[in-house]
Amino acid sequence: MSTRSRFLALASLALIIGCSNGAPTSTTTVTTPTAPVITIPNLQPFADTTGNVSTYTTAGVIDESTSFFASLGTNGRTCATCHQAAQGMSMTPTANTTLFNSTNGTDPLFSANDGANYPTAPTGDLASHSLILNNGLIRVAETLPAGTQFTITALSDPYNCAITTDPATGRPTVSVYRRPLPSTSLIYLSNVMWDTRETIQPLTTASTFSNNLTADLTQQLLDAVSIHAQGTAVPTSAEQSSILALEQGLFTAQASDNAAGSLSANGATGGAAALAGVNYYPGINDAFGGDPQGKAFNQNVFTLFTAWNNSNNAAQASIAHGQGIFNNAPFQINNVSGLNTNNTALGNPGAIQATCSTCHDTPSIGNHSLPLVMDTGQSDIAGNVTGNGLVNGLAQLSQPTLPVFQITGCKNAANQAVTYITSDPGKALLTGLCSDVSRMKVPILRGLAARAPYFHNGSATSLNQVVNFYNARFGMGLNPQQKQDLVNFLSAL
């Protein structure tokens, strides 16, 4: 169903001409060629690693004649280039590799401006497109703001573009590599983009949420056209409205599981249609007391599969057990910037008693219902960290080959000089603040099975690696069956 892989059929051209002594004796009829309207039906299933994923749209169908699927820049890209319904409204290394091979690397996705490891990469060269092919990563170049508190240098620069100079401002421009977030379920966002850089208006208050979200997504699409599609003209108001209407009406979730069957059967409430009807307001069920309605935090964030707790179907029971582990398995959060440190609202606690739902507190959705950016360690460099939790956690991942940055000029809470070594400075590239180094937002968890790999840098190739990382990082103590149950649950979201 992808526009990248479809070929439009041409309408026939009919000419009916009669002749008598060289003069026409009948009317000439011309049928003008028209492009057929292509749509993706509501809840169209697409096969993924564990079953089928689908997207619900409030428009009834996903109409591929809308501006989301139009080339608005100069390099042939559309919004759908990186946001495919068959890939959970994101894009995956497996699909990218197939596309690269079938087009000899000429598809707009692989445009060297950010679809290659470096901006001068030759078309069709596998090695220089390794990050998008192996990890599904797009290059993001961010210029540090004036007044940045720290100094940044590249300890490792495998693609010779880690730090350059912005010709307009003379400021350092840092290249990092990140997964495209899915362009779906956007009406549940508390932050836009991994490092929050498109959140120009806060998504924290119910009365302003809709207008602010529209403003944020408008800025995001304008920047996407300008940067990713290398646009030279601002999209028209009609084009902007077309994209915004489609995006804000999409909801993506796993529809079925190969072993458990339909995820909305036998009392379960999985699937994209149910997701579209979830009650939400900014701060709902906030784990740290910020619910604007004053409601206490309920750690049972997910109840989609509660009806399967006693199912005779082993796969259904496993998913339900995994949901219980997500909601209730206790552990301590330690040494996480944004939670244990650099969060004055929490008082910088040495340890936080938590479950998975503490950070993923939005009911049935799984992001954090108020803005929360934190560093759980995925950008850290193995061999440069201490503490068994983080060392063991990083050992569970498949880290891609990325630039390594050293950040100096910062101090910790004890006013001692501290040096950071990271593959992605995170929000600090936006704010220039030491307190934001390597911090990223908490993403929505629905439709996971269709859009591996995971984390902002694609370092977890599977949900098994995600679970193994957190189990080791925070000493959760899960046994093999519990880890498998948790993987099965996450796959069913």
The relative contact order of the range 42-177, taking Cα pairs under 8 Å that sit 6 or more residues apart, comes to a percentage of 15 percent
For Lys427, counting only lysines whose alpha-carbon sits under 22 Å away and dropping same-chain residues fewer than eight positions off, the answer is Lys411, Lys441
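Quick check for me: using +1 on Lys/Arg Cβ and -1 on Asp/Glu Cβ, what's the dipole size of the chain about its Cα centre, in debye to the nearest 20? Numbers along the way, then the final one.
Working: 17 positive and 24 negative charges, 66 e Å.
Once rounded to the nearest 20, the dipole reads 320 debye.
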Taking just the alpha-carbon atoms of the range 280-344, what radius of gyration and Dmax come out, in angstrom? 15.6, 48
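Hey, can you rank 415-424, 127-136 by average C-beta count inside 10 Å, highest first?
The most tightly packed comes first, giving 127-136, 415-424.
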Just the accessible area for Ser379, please: 1.4 Å probe, Å², rounded to the nearest 10? 0 Å²
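Net charge around Asn457, counting only other residues with Cβ within less than 9 Å of its Cβ (Lys, Arg = +1; Asp, Glu = -1)? The partial results should precede the final answer.
Values: positive: Arg178, Arg179; negative: Asp424.
Counting the neighbours of Asn457, the net charge comes to +1.
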Which three semi-axes in whole Å describe the equivalent ellipsoid of the range 387-493, each the square root of 5 times a Cα gyration tensor eigenvalue, listed largest first? 29, 16, 12
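For Ala345 and Ala59 in the same chain, what is the full-extension length gain: residue separation times 0.36 nm, less their Cα-Cα distance, in nm? Please report the intermediate quantities before stating the final value.
On the way: separation 286, 0.36 × 286 = 102.96 nm, distance 4.08 nm.
Here the answer is 98.9 nm.
At a threshold of 8 angstrom on Cα-Cα distance, excluding pairs fewer than six apart, so keeping six or more, what relative contact order does the range 356-480 reach in percent?
Details: 182 pairs, mean separation 38.1, N = 125.
Relative CO of the range 356-480 lands at 30 percent.
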Relative to the present Cα-Cα distance, how much length would full extension add between Thr236 and Ala47 at 0.36 nm per residue of separation? 64.5 nm
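Whenever you get a sec, compute what percent of the accessible area on the range 405-493 sits on carbon and sulfur atoms (1.4 Å probe).
Details: 1410 of 2920 Å².
Roughly 48 percent of what the probe reaches on the range 405-493 is carbon or sulfur.
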Could you pull the accessible area for Val61 with a 1.4 Å probe, rounded to 10 Å²? 60 Å²
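Determine the gain in length on full extension of the stretch Ala382-Asn415; use 0.36 nm per residue of separation and subtract their C-alpha separation, reporting nm with one decimal. Numbers along the way, then the final one.
Numbers: separation 33, 0.36 × 33 = 11.88 nm, distance 2.60 nm.
Between Ala382 and Asn415, full extension yields an extra 9.3 nm.
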Could you work out what % of the accessible surface of the range 100-147 is carbon and sulfur, using a 1.4 angstrom probe and leaving DNA, RNA and ligands out of the count? 51 percent
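Quick one: Cα convex hull volume of the range 89-225, Å³ per residue? If you can, show how the numbers build up before the last one.
Numbers: hull volume 18.1 nm³, N = 137.
Value for the range 89-225: 132 Å³ per residue.
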In square angstrom, what is the accessible area per residue of the chain with a 1.4 angstrom probe? 42 Å²
Compute the relative contact order of the chain as a whole-number percentage, counting only Cα pairs closer than 8 Å that sit 6 or more residues apart in sequence. 17 percent
Identify, among Asn75, Ala320, Gly347, the residue whose Cα sits farthest towards the positive end of the charge dipole of the chain, taking +1 on the Cβ of Lys and Arg and -1 on the Cβ of Asp and Glu, with the dipole about the Cα centre. Ala320
Say each of Ala314 and Thr106 gets a label point 7 Å from the Cα, pointing the same way as Cα to Cβ; how far apart are those two points in nm? 5.1 nm
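The values are calculated or read from the model by the stated rules, or taken from the named source; none is laboratory data. All values derive from a computational prediction rather than experimental measurement. All Cβ positions, even for glycine, are placed from backbone atoms using ideal geometry, and neighbour counts span all protein chains on display. SASA here: full protein model, heavy atoms, side chains in, ligands and nucleic acids out. Shrake-Rupley method; radii C 1.70, N 1.55, O 1.52, S 1.80 Å.
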